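Asker: Handing you this structure, nothing more for now.
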Amino acid sequence: MINKFTVALVLTGLVFFYACNEKMVDNPVGNKAPLTKVFLNPDSTVSQQQSTIKLHWSGDDPDGFVVGYYISWDGTNWSFTAKNDSLFNLQIGAVDTIFSFKVSAADNSGNGKYDTQIIQNNLNYGPEPFTDFNGNNVWDSGEQFTDIGLIDPNPASLKLPIKNTAPTMEWNILSTHPDTSFTVMSFGWNATDIDGEKTIQHINIALNDTTNFVAINGSVKLVTIRTKDFSNPTPLMDILIDGDPNNLAANETDGQKIKLPGLVYNANNIFYVQAEDISGAKSIWLSSATQKNSKPGWFVKKPKGKFVVVDDSKKVDNAPDFYASMLNDSVQIKDKYDFYDIFNQKPPFLNSTFLETIKLFDCVIWYSDNDPSLDLASSSVQKYTNLGGKIFFSLQFPQSVELTQIQGFLPIAPDSSDYATFLPTGATAWDTTQTNYPKLQVTSSLARARSFYLSNIGVTPIYYFPKKELKGFIGFENSEKNIFFIGMPLHRINGIPGSVKNLLTKVLFDDFKLTP
């Protein structure tokens with residue numbers, strides 16, 4: 001049986017409970033904003049950093065959980081991320097720059113609906129982030145969104161003194177120069193900047209005098225420089241980007257072509273290159289004197305005349321002396337031709353440098369032993385003749401050769417050729433008409449000779465062997481009369497006195513219509 005004391009105690013307890021409960025409802029505990037931290041890495045301190053930097057941050061919410069973070073570099077414009085770190089590329093605008101990074105955590109105490117604007121802490125953080133399934137840049141019903149609650153009103157911040165680093169340069173592994181060249185040369189380099197290669201704004205290049213440089217686009221890594229201004233004692237050189245004659249360096253503001261001063265004819269020259277970033281920081285000048293396997297500079301020859309003899313021979317014999325004697329005394333173009341030794345004085349970035357070099361001349365006399373530079377001929381001959389150039393070939397070929405390679409620059413049939421291990425002394429090649437071109441006679445046994453069957457159009461057959469030492473034709477000319485070919489070395493087919501002189505005179509002056 002419950003006594004009066006027990007009942008009174010229960011009633012007192014109920015009164016106290018309801019009083020406390022009413023007080024709790026009238027005075028609920030408020031939601032607390034999350035707290036944010038930011039750091040470079042767990043063990044680092046802030047010091048002068050490079051401009052590519054990784055930052056980390058974290059958040060803690062005492063009465064909920066963190067759904068993401070708002071970050072800002074100016075304290076006004078904020079962007080949302082769910083990540084706890086990011087790699088930033090800080091654009092350098094001066095030699096050294098101090099950046100201020102801020103981050104605020106956001107908790108999960110949202111209102112359960114999508115908000116087009118989040119305004120807290122006297123800041124407009126923009127619309128709540130959402131997944132734009134239909135790509136219309138507008139939140140639509142059904143699209144997932146992050147329901148933003150309270151945002152830390154006291155952002156974690158970090159001041160970052162960013163040190164600009166000057167670019168560095170080195171020569172491309174293919175960049176080397178011969179001891180001697182004509183007024184064409186190519187240079188390639190690699191420019192890097194740990195602040196990002198896009199910060200390299202200019203490449204400065206100079207000849208002989210680094211105080212007299214020109215600036216080209218910072219993305220350029222290869223140039224061919226050239227000039228044909230032979231009457232000017234202080235010529236300006238064209239700058240071919242990537243060796244392309246259709247892509248000349250130009251001023252980015254007005255489009256005017258940029259030309260390089262400083263070349264000295266018939267003298268030693270040195271090329272310099274330097275990288276400059278957007279802050280004005282510059283690499284040291286890289287000098288061609290430091291190129292691998294190169295002398296401190298290279299001798300630049302001014303061409304003597306219209307003719308160039310391309311020496312594509314790998315063997316040492318009397319061919320250069322023969323050509324010099326023939327051109328000086330017999331053909332009588334002394335002091336009007338040059339030799340271009342592409343074996344011992346091989347230029348860098350061969351295709352572009354070689355083509356721009358032979359374009360300095362009206363006529364090329366190209367000779368080789370039985371291993372000519374077929375790829376080079378295929379890439380350059382048509383481009384050269386399309387510009388009006390003439391080529392006299394005296395070439396032999398290796399025992400095994402792809403006829404399609406030869407067909408790339410000579411008008412031969414693609415699937416037929418004849419080959420002789422030796423042509424005997426005294427073997428004679430004739431003109432098919434027996435009137436216009438001199439007979440040619442082998443003066444000593446000639447190894448690995450090859451004749452061809454010709455394409456049906458665009459070619460005039462000239463030399464063949466009437467005794468059938470070889471079938472087909474060993475000499476021919478294209479119908480445009482800008483390419484002549486003889487498949488034997490001239491210095492070994494001069495058995496009939498004056499025959500090679502007469503052949504050169506006939507082709508160079510009658511067929512090619514050139515003047516000494």
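Each reported figure results from applying straightforward, stated rules to the coordinates on display, with no laboratory input. Predicted model only: the values in this text are computed from it and were never measured. Reconstructed Cβ throughout: ideal geometry from the backbone, glycine too, with neighbour counts over all protein chains shown.
Asker: Working out 0.36 nm times the residue gap between residue 515 and residue 147, then minus their Cα-Cα distance, what length gain in nm do you get to one decimal?
Answerer: 123.8 nm
Asker: Work out from phi, with θ = phi - 60° and the Karplus expression 6.51 cos²θ - 1.76 cosθ + 1.60, the ³J(HN,Hα) of each residue of the range 213-225, listed in order in whole Hz, and give x for Gly and Pro.
Answerer: For the range 213-225, the Karplus-derived couplings read 9, 10, 10, 10, 4, x, 8, 6, 10, 8, 9, 10, 9 Hz, x marking Gly and Pro.
Asker: Right, something else. Return the distance in nm (one decimal) between the two label points of a simple spin-label model at residue 325 and residue 37, each offset 7 Å from Cα along Cα→Cβ.
Answerer: That separation, rounded to one decimal, is 9.1 nm.
Asker: Same structure again: Skipping prolines and chain starts, which residues have an amide H placed within reach, meaning under 5 Å, of the one on residue 86, given they are 5 or more residues away or on another chain?
Answerer: The list, which skips near neighbours in sequence, is 55.
Asker: Here is a further query. Rounded to the nearest 0.05, what FRET efficiency do residue 343 and residue 251 have when you use their Cβ-Cβ distance and R0 = 35 Å?
Answerer: 0.35
Asker: Around residue 250, which amide H atoms from residues at least 5 apart in sequence, or from another chain, sit under 5 Å from its own amide H, with H modelled in the peptide plane?
Answerer: 258
Asker: If you take every residue apart from residue 121 with its C-beta less than 14 Å away from the C-beta of residue 121, what net charge results, scoring Lys and Arg +1 and Asp and Glu -1?
Answerer: Around residue 121, the surrounding residues sum to -1.
Asker: Which cross-chain or sequence-distant (5 or more) residues have an amide H under 5 Å from the amide H of residue 278, H modelled 1.01 Å from N in plane?
Answerer: Residues meeting the criterion, in which the H sits 1.01 Å from N, are 201.
Asker: Here is a follow-up. Provide the gained length on full extension for the span residue 88 to residue 264, in nm with one decimal, where the gain is 0.36 nm per separating residue minus the Cα-Cα distance.
Answerer: Gain on extension, residue 88 to residue 264, equals 58.6 nm.
Asker: Using DSSP H assignments, which helices in the chain have an axial alpha-carbon span of 20 Å or above and a mean Kyte-Doolittle hydropathy of 0.0 or higher?
Answerer: Helices meeting the criterion: 4-26.
Asker: Place a label point 7 angstrom from the Cα of residue 244 along the Cα-to-Cβ direction, then list the residues of the range 166-188 whose backbone nitrogen is under 18 Å away.
Answerer: Answer for this model: 186-188.
Asker: Count the DSSP beta bridges whose two residues both fall in the chain, then state the antiparallel fraction as a percent rounded to the nearest 5.
Answerer: Approximately 80 percent, going by the DSSP bridge assignments.
Asker: Roughly what would the spin-label model give for residue 289 and residue 318, points 7 Å off Cα along C-beta, in nm?
Answerer: Going by the 7 Å Cα→Cβ label model, 4.3 nm.
Asker: Would you kindly derive the ³J(HN,Hα) couplings of the range 78-85 from the backbone phi angles with the Karplus curve 6.51 cos²θ - 1.76 cosθ + 1.60 (θ = phi - 60°), listing them in order in whole Hz, with x for Gly and Pro?
Answerer: Per-residue couplings from phi come out as 10, 10, 9, 8, 8, 7, 9, 7 Hz.
Asker: Pairs of alpha-carbon atoms within less than 8 angstrom and 6+ residues apart define the contacts here; what relative contact order does the chain have, in percent?
Answerer: Here the relative contact order equals 10 percent.
Asker: On to the next question. Read phi for every residue in the range 193-206 and hand back ³J(HN,Hα) as whole Hz from Karplus 6.51 cos²θ - 1.76 cosθ + 1.60, θ = phi - 60°, with x for Gly and Pro.
Answerer: 8, 5, 7, x, 5, 5, 7, 6, 8, 9, 10, 9, 10, 8
Asker: Please compute the Kirkwood hydrodynamic radius of the chain from all pairs of different C-alpha atoms, in Å with one decimal.
Answerer: Over the chain, the inverse of the mean reciprocal pair distance is 30.0 Å.
Asker: Right, here's the next one. Given the convex hull of the Cα atoms of the range 35-163, what is a quarter of its surface area in nm²?
Answerer: Spelled out: convex hull of the Cα atoms, projected over all directions, averaged, 9.0 nm².
Asker: Here's another thing I want to ask about it. Ranking request for peptides 365-374, 189-198: highest mean number of other beta-carbon atoms within 10 Å first, then the rest in descending order.
Answerer: Peptide ranking by packing, descending: 365-374, 189-198.
Asker: Go ahead and run the numbers for FRET between residue 115 and residue 60, Cβ-Cβ distance against an R0 of 30 Å, rounding to 0.05.
Answerer: The pair residue 115/residue 60 has a calculated efficiency of 0.80.
Asker: For labels at residue 439 and residue 124 in the simple 7 Å Cα→Cβ model, what's the distance in nm?
Answerer: 10.0 nm
Asker: Okay, next question. Filter the cross-link list 304/439; 301/336; 336/359; 198/228; 159/282; 292/383 down to pairs whose alpha-carbon distance in this structure exceeds 23 Å.
Answerer: Over 23 Å Cα-Cα: 304/439; 198/228; 159/282; 292/383.
Asker: When Rg is the radius of gyration of the Cα atoms in the range 168-300 and Rh is its Kirkwood radius, what does Rg/Rh come to?
Answerer: Using Cα coordinates only, the ratio equals 0.95.
Asker: Please pull out the direction-averaged projected area of the range 317-427, using the convex hull of its alpha-carbon atoms, in nm² to one decimal place.
Answerer: Approximately 8.6 nm², given one-decimal rounding.
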